[in-house]
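Student: Before I ask anything, here is the structure I am working with.
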Amino acid sequence: MTRASAAVAAIPAEEPVDAAPAPQPSAAPAAAAVVAVPAAPPRGTAARPGDARRRAMFERMQGIVLGIGFPIALVILWHQLVVMSGTKLVPTPYQVGLMMYDFVFGGIHDDAFSGTILTHLLMSMQRVYGGFALAALLGIPLGLLIGKVKVVRQLLDPTLSLLRPIPVTAWLPLSMIFFGLGPRSAIFLVFLGAFYPILLNTIFGVRSVDPKLFEAAAMLGCDGSRMFRQVVLPAATPSIFNGLRLAHGFAWILIVVGEMTGVPTGLGSVIMDGRTLSRTDLVITGMIVIGVAGFLTDRMIVAINNRLLRWSPQHHG
Amino acid sequence: MDSRRRDFLAIRDVNKTFQIGDERVEALHHVNLVINKGELVCLIGASGCGKSTLLRIIAGFEQPSTGHVDIYDHPVSGPGSDRGMVFQDYALFPWLTVRENIAFGPKQKGLPAAKVREIAGEYLNMVGLTPFADRFPSQLSGGMKQRVAIARVLANEANILLMDEPFGALDALTREQLQDELLQIWARTGVTVIFVTHSVEEATLLADRVVVMSAGPGRIDADIKVDLERPRDVSSAAFNEIRRGLTQHLTSHVKRPTLKAAA
């Protein structure tokens, strides 16, 4: 603190030298520093707490202004580009806004999509969370086992490493044969996409636990399945949550692919319909709803993460 | 068979070799040591002399290549709650509070919750951490963490405390304070303490007996009794005489051309 303010003071100290080569060099630069850099606290400790609070508030305001201002600027840019180019292929933000209103409440276009947001959103959420939950239910225990038990690792790791690079979309034809044209196929694809990030991060979490924790637990009489529940699982939790967040993102990405397989409802099918009907306002509306839903769920995961990992300040999202 | 067989803790002809790549490293070479109940023994030696390996073998974390460790004639086959290790870097469970860390051992025994709480409370109080009971390890200083680690093994009713350079990472003031507290706890509970250190002063201050080890391969060089009244005065002539003797033992086999005189 003192070094910083001294450095700041050193620069304006040059100026008053000409004007007044006065014998109070300590007071003048301090005042100059306050004028030049309002954020820098004046010397002395009395003013510091209030100043810190003001700075924290300034930073929070700055975050809000920048965070909201940037998308608003993007929307304005979008509007200008559409108007200037005169294209009919891309709607203006206003037209998308109308479509969104119609999608939620109806009463504007009065077509097959008016007021149907809940139907589509709930259907997609069911598939996203269904596939995501399946992936977590299988991926976490399997990851714990592969990470901790050598035999399981030797048995499964090569096969899983071989299957992992195959893109989920490549499974589409087979999944349509296995599960038919419908929701089960979509759930399967979401499951596949969410499974690997959860599995790999869980394995990584178990493998990176300090071995001394296992020794400490063993000498305190903990073994077998209790070791899994009381040491392996909590120690791997930060990494598991990383996997869950990644997987949740993939799940929303894959729902659009999954709902291309001929299901009549869901946000992915809305987007596909929009494409077929050349209704880009509908396409963009679907995209926005997916973005918001994904964002809100991610916040929920982060909130659970912060609650469960309150012991580890560096793992707060 | 013979009279030795009623020893409290006996290390019998223990050898330990590690395979590191293509190289075989002999960490311990024919180590024999008997430790009596309630003794405070310091293992001291330069790095690589196998003192930590010996401690880990006593703990049951490592198996000796040949030989065995017996406690009242029963060979040690793995970690057990009779022996509690206090690690240099604490190894506390970061997701458990101070109280829960201390309660970990009693909980494993399946004691009723009220009893577990009572034991945890007792040892929290012993190490003076009652006001910090609900903090997580990440919110504690190094000295406080090490107090939790000591309380954790005592709450588990360990009667042998294995300490692997436990105060090595602490600042000088905190270290002195914890040395003092350790001596009080040792006097009060009557546990046997095996304490690994590389500090001659620490060994002289704490130990009933100092076992000097040397490297290449790790073996026991000397077994020296420290006959000083407690509390010990680090500035007294008797203390410094013992300290000087230990330092000479430690440096006698180090073949360096420029040996500094003992401090």
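Student: Just how far, in whole angstrom, is the stretch B:9-49 from the stretch B:137-175 if you go by their alpha carbon centroids?
Tutor: 23 Å
Student: Among A:Trp78, B:Phe104, B:Gln146, which residue has its Cα positioned farthest towards the positive end of the charge dipole of the protein assembly as shown, with +1 placed on the Cβ of Lys and Arg, -1 on the Cβ of Asp and Glu, and the dipole taken about the Cα centre?
Tutor: B:Phe104
Student: So if we plug the beta-carbon distance of A:Ala52 and A:Gln314 into 1/(1 + (r/R0)^6) with R0 = 22 Å, what FRET efficiency do we get, rounded to 0.05? Present the calculation step by step, with values, prior to reporting the outcome.
Tutor: Numbers: r = 22 Å, r/R0 = 1.02.
In this case the efficiency is close to 0.45.
Student: Right, another one. Semi-axes of the equivalent ellipsoid of chain B: what are they in whole Å, largest first, if each equals the square root of 5 times a C-alpha gyration tensor eigenvalue?
Tutor: On the way: eigenvalues 187, 108, 65 Å².
Over the Cα atoms of chain B, the ellipsoid semi-axes are 31, 23, 18 Å.
Student: What ranking of A:Leu277, A:Leu118, A:Leu98 emerges when the number of other C-beta atoms within 10 Å of each C-beta is taken as an exposure proxy, fewest first?
Tutor: A:Leu118, A:Leu277, A:Leu98
Student: Of A:Lys150, B:Lys51, A:Lys212, how do they rank once you tally other Cβ atoms within 10 Å and put the fewest first?
Tutor: A:Lys150, A:Lys212, B:Lys51
Student: Report the Cα centroid-to-centroid distance between the stretch A:204-257 and the stretch B:185-254 in angstrom, as an integer.
Tutor: First find each Cα centre; the distance between them is then 43 Å.
Student: Please give the Cα centre distance for the stretch A:50-99 versus the stretch B:66-110, rounded to the nearest Å.
Tutor: With the stretch A:50-99 and the stretch B:66-110 each reduced to a Cα centre, they are spaced 58 Å.
Student: Sort A:Trp311, B:Trp95, A:Trp78 so the one with the fewest other Cβ atoms within 10 Å of its own Cβ comes first.
Tutor: By the 10 Å Cβ count, ascending, the order reads A:Trp78, A:Trp311, B:Trp95.
Student: Going 7 Å from the Cα of B:Ser138 along its beta-carbon direction, which residues of the stretch A:207-241 have the amide nitrogen within less than 20 Å of the resulting point?
Tutor: Those under the cut-off are A:207-214, A:230-241.
Student: Here's a follow-up. What is the sum of charges around A:Ile203, taking Lys and Arg as +1, Asp and Glu as -1, for the other residues whose C-beta is under 10 Å from the C-beta of A:Ile203? If you can, show how the numbers build up before the last one.
Tutor: Working: positive: A:Lys148, A:Arg153, A:Arg207; negative: A:Asp157.
My count for the surroundings of A:Ile203 gives +2.
Student: On to the next question. How tilted is helix B:172-189 with respect to the longest principal axis of chain B? Cα atoms for both, answer in degrees (0 to 90, nearest 10).
Tutor: Orientation of helix B:172-189: about 80 degrees from the principal axis.
Student: Ordered by residue, what ³J(HN,Hα) values in Hz, to whole numbers, does the stretch A:146-154 give under the Karplus form 6.51 cos²θ - 1.76 cosθ + 1.60, where θ = phi - 60° and Gly and Pro are x?
Tutor: These are the phi-based 3J(HN,Hα) values: 4, x, 9, 9, 4, 4, 5, 4, 4 Hz.
Student: May I pose another question? On C-alpha positions alone, give me the angle between the axis of helix B:98-108 and the longest principal axis of chain B, in degrees, nearest 10.
Tutor: 90 degrees
Student: Taking every DSSP beta bridge that has both residues in the protein assembly as shown, what percent is antiparallel when rounded to the nearest 5?
Tutor: Here the antiparallel bridges make up roughly 50 percent for the protein assembly as shown.
Student: Dipole size in debye (nearest 20) for the stretch B:49-193 around its Cα centre, Lys and Arg Cβ +1, Asp and Glu Cβ -1?
Tutor: Details: 14 positive and 16 negative charges, 77 e Å.
The dipole magnitude comes to about 360 debye.
Student: With a Förster radius of 51 Å, plug the Cβ-Cβ distance of A:Ile301 and B:Asn240 into 1/(1 + (r/R0)^6) and report the FRET value to the nearest 0.05.
Tutor: 0.25
Student: Using helices alone, what [θ] at 222 nm do you get for the protein assembly as shown, with -39,500 (n - 2.57) per DSSP H run of 4 or more residues, divided over all residues and rounded to the nearest 500?
Tutor: Mean residue ellipticity at 222 nm (helix-derived): -18500 deg cm²/dmol.
Student: Quick one: net charge of A:Leu233's neighbours, Cβ under 13 Å, K/R +1, D/E -1?
Tutor: Once positives and negatives cancel, what remains is +3.
Student: Here's another thing I want to ask about it. Please give the net charge around A:Gly268, taking every other residue with its beta carbon less than 14 angstrom from that of A:Gly268, where Lys and Arg add +1 and Asp and Glu add -1.
Tutor: It works out to a net charge of 0.
Student: Which whole-number percent gives the relative contact order of the stretch B:20-139, counting Cα pairs below 8 Å spaced six or more residues apart?
Tutor: In percent, rounded to a whole number, it is 18.
Student: Taking just the alpha carbons, could you work out the radius of gyration and Dmax for the protein assembly as shown, both in angstroms?
Tutor: Radius of gyration, then largest Cα-Cα span, for the protein assembly as shown: 33.8, 104 Å.
Here, each number is a calculation from the coordinates, and none is a lab measurement. All figures in this text were calculated on a predicted structure; none of them were measured in a lab. Quick reminder, even Gly has a Cβ in these numbers, built from the backbone with ideal geometry, and neighbours come from all protein chains shown.
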